[in-house]
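No lab work stands behind these numbers, since they all come straight from the coordinates. Since we're looking at a predicted model, the values are computed, not measured. Virtual Cβ from ideal backbone geometry, glycine too; neighbours counted across all protein chains shown.
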Amino acid sequence: MAVVSRTIMLADCQSFYASVEKAHHPEYAGKPVVVAGDPERRSGIVLAACPLAKAKGVTTAERLGEAIAKCPDVVIVRPRMAEYIRVSLQISEIYRSYTDLVEPYSIDEQFIDVTGALHRYSGDYEEMARQIQQHVLAETGIYCRFGISENKILAKTACDNYAKKNESGVYVLPKDKLAGTLWTLPIQKLFMAGNRMTHHFRSMGIETIGDLANTPLERLKLLMRRKFGKNSDINAELYWRIANGEDDSPVTPQTHEEAPKSIGHQMTLPRDYGTLEELKVVLLELTELVCQRCRGKGFMGQVIAVGCQGADFDRPTGFFRQMKMMDPTNVTNQVYRAAVQLLERYWDGNPVRKVGVTLAQFQDSEHYQLALFDDRERSMALERATDALKEKYGDSIIMRAVSMTPAGQARDRSGKIGGHYK
Amino acid sequence: MSKKLQGNGLWESSRMMLPEHKAEIVSSAKAAKYRQPSELDEHEWEQISRAVAESMELRQPIALRMYHPYEETKVIGTVERIDHYRGRFMVDGEWFEIRHIEGVDEYSA
């Protein structure tokens, strides 16, 4: 069988949250708008800024106070996460009217495989992208940018580096033209390469994406092994493939339906937590959320992982450790006991700004080994009752007493999606 | 080989999806698969009832397409009993609803 070359698009919504708000509030037209985590607090973070606000120098993730200083007439909007999810699904639906191969990659980015639909546009994928762009704009008021190539990594790269910056919002990046395009870009533009990785590449003498692509893979593995030890071969190959634009992964619409391999929650705290007492409160709350989701999906997990991070991401402090429990479980108190062990063993006393709990290595919760010394049935019956209450009336209907202490975050979190207001 | 380098691994390991967004995708995908029960005309019903009666009387296996809200299901076997009063029939010791039958398929062993 002849290999048919694919045509993949990565469509990205411009300033998604801010654009949704502008589309819903015609009175904001022509004004700079930001969506900010907590408009009442100047220390809140800018989640999205519309192009007008960006033109005044406002950037995503900066403090609201700084944004106001740069752009005093900025309109500040409280996030509505549930609405953004609804619009994102509406956009997926629009893409699906062109091809059934649509894979959401995040709330504002989706992969579209249009190989099978191109004949209706006489093979002109740029024209097709422009039509989809118009369609989404007309129905939702959101402007999308399209990176187009023969695979997902090149489509993503084309979008991030070119389509977001050009006039039309559509850019085609052919794989045989990388030498004059992608390879001329500095190494920090490489997908998946963060600050620290960029720094490491520079110290290896790799300054551009082309330098990386043209380093023989075996040599790159050797260079990375010297820095990161034996287990870096996989990452070496990953970066090398990204730089060379090699990616055979399919656009997978059902990717989100597959059973998860782990379930985790993490939370950024409103301030630094410095005592074990305080950390235990959020640890319990996170464990409860994780276990609640596992119970809802019918999983019991045996491996528990706990992570804590300090506030300064450039000087990382904290830990991420896991342990195997005696038996698989989804009973909050049992998982919490193990989580506290990890916290007590690995926390070095530095202030903590971000806490995460993850449960993994699942088995089906219908069949489980009876434990001799634990009255699991009683806790399970209790949790069935509290889960049912929360399902019906929301997570804040019943909670643990510690959640009412100043360290507790459960009440605040129950009104949020992804850490932001619903 | 690592999962990051296989299948859709690169994108599964790097994506940022809100659990609430994921849940909505899954539930709307399920809703899209919802099937309306098909309405049969008299002729089709006659064909079905003849096939079911023949299967029971002649001890012949048949394949019946059955309605299910999300899946394509079939009952394959010999009809053992028919309970007209409660509107059900038995294959292999298990009762099925007569009103869920959507058609007869060619039986192939």
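Structure data summary
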quantity: Eligible aspartates and glutamates near A:Lys230 by straight Cα distance, threshold 17 Å, same-chain separation 8 or greater; calculated: A:Glu218
quantity: Helix axis angle, B:42-58 relative to chain B longest principal axis, alpha carbon, degrees; calculated: 70
quantity: Cross-link partners of A:Lys70 among lysines (Cα-Cα below 17 Å; sequence separation of 8 or more within a chain); calculated: A:Lys31, A:Lys54, A:Lys56
quantity: Where only C-alpha atoms are counted, convex hull volume of chain B per residue in Å³; calculated: 183
quantity: Rounded to whole Hz, the Karplus (6.51, -1.76, 1.60) HN-Hα couplings of the stretch A:261-271, x for glycine and proline; calculated: 8, 8, 10, x, 9, 9, 9, 8, 7, x, 8
quantity: Where labels lie 7 Å past Cα in the beta-carbon direction, separation of A:Leu217 and A:Arg321 in nm; calculated: 3.7
quantity: Cβ-defined net charge surrounding B:His100, 15 Å radius [Lys, Arg +1; Asp, Glu -1]; calculated: -3
quantity: Two-site FRET efficiency, A:Glu391 against A:Asp38, from Cβ-Cβ distance with R₀ of 30 Å, rounded to 0.05; calculated: 0.60
quantity: Over the stretch A:1-172, relative contact order from alpha-carbon pairs under 8 Å, at least 6 apart, %; calculated: 28
quantity: Restraint check, A:Lys189/A:Lys227; A:Lys324/B:Lys4; A:Lys175/B:Lys33; A:Lys390/B:Lys22, Cα-Cα greater than 30 Å; calculated: A:Lys175/B:Lys33
quantity: Dipole of chain A, positive direction: furthest Cα of A:Ser97, A:Leu222, A:Leu359, with charges on the beta-carbon; calculated: A:Leu222
quantity: Distance in nm between pseudo-label sites at A:Leu137 and A:Met197 (7 Å out along the Cβ direction from Cα); calculated: 3.3
quantity: Averaged over A:251-258, number of beta-carbon atoms from partner chains that fall within 10 Å; calculated: 5
quantity: In degrees, nearest ten, helix B:19-32 long axis to first principal axis of chain B (Cα); calculated: 30
quantity: Mean separation of Cα contacts under 8 Å (6+ apart) over length of the stretch A:262-421, as relative contact order %; calculated: 32
quantity: 19 Å Cα-Cα reach of A:Lys354 towards aspartates and glutamates, excluding residues that sit fewer than 8 places from it in its own chain; calculated: A:Asp38, A:Glu62, A:Asp272, A:Glu277, A:Glu278, A:Glu285, A:Glu288, A:Asp312, A:Asp314, A:Glu344, A:Asp412
quantity: Other-chain or far-sequence residues with amide H under 5 Å of B:Val104's (modelled H); calculated: B:Arg65
quantity: Helical contribution to [θ] at 222 nm, DSSP H n ≥ 4, -39,500 (n - 2.57), averaged over the protein assembly as shown, rounded to 500; calculated: -11000 deg cm²/dmol
quantity: Centre separation in Å (Cα based) which lies between the stretch B:73-90 and the stretch A:316-370; calculated: 51
quantity: Debye, to nearest 20: dipole size of the stretch A:1-172, +1 on Lys, Arg Cβ, -1 on Asp, Glu Cβ; calculated: 440
quantity: Cβ-defined net charge surrounding A:Glu391, 11 Å radius [Lys, Arg +1; Asp, Glu -1]; calculated: +2
quantity: Electrostatic dipole magnitude of the stretch A:246-328 [Cβ: Lys, Arg +1; Asp, Glu -1; Cα centre; debye, to 20]; calculated: 420
quantity: Mean separation of Cα contacts under 8 Å (6+ apart) over length of the stretch B:42-105, as relative contact order %; calculated: 31
quantity: Inter-site label distance for B:Met66 and A:Lys165 at 7 Å from Cα along Cβ, in nm; calculated: 6.1
quantity: Charge dipole magnitude, Cβ of K and R +1, D and E -1 - the protein assembly as shown, Cα centre, debye nearest 20; calculated: 2500
quantity: Amide H within-cut-off set for B:Val91, under 5 Å, with H built and near neighbours excluded; calculated: B:Glu80, B:Phe96
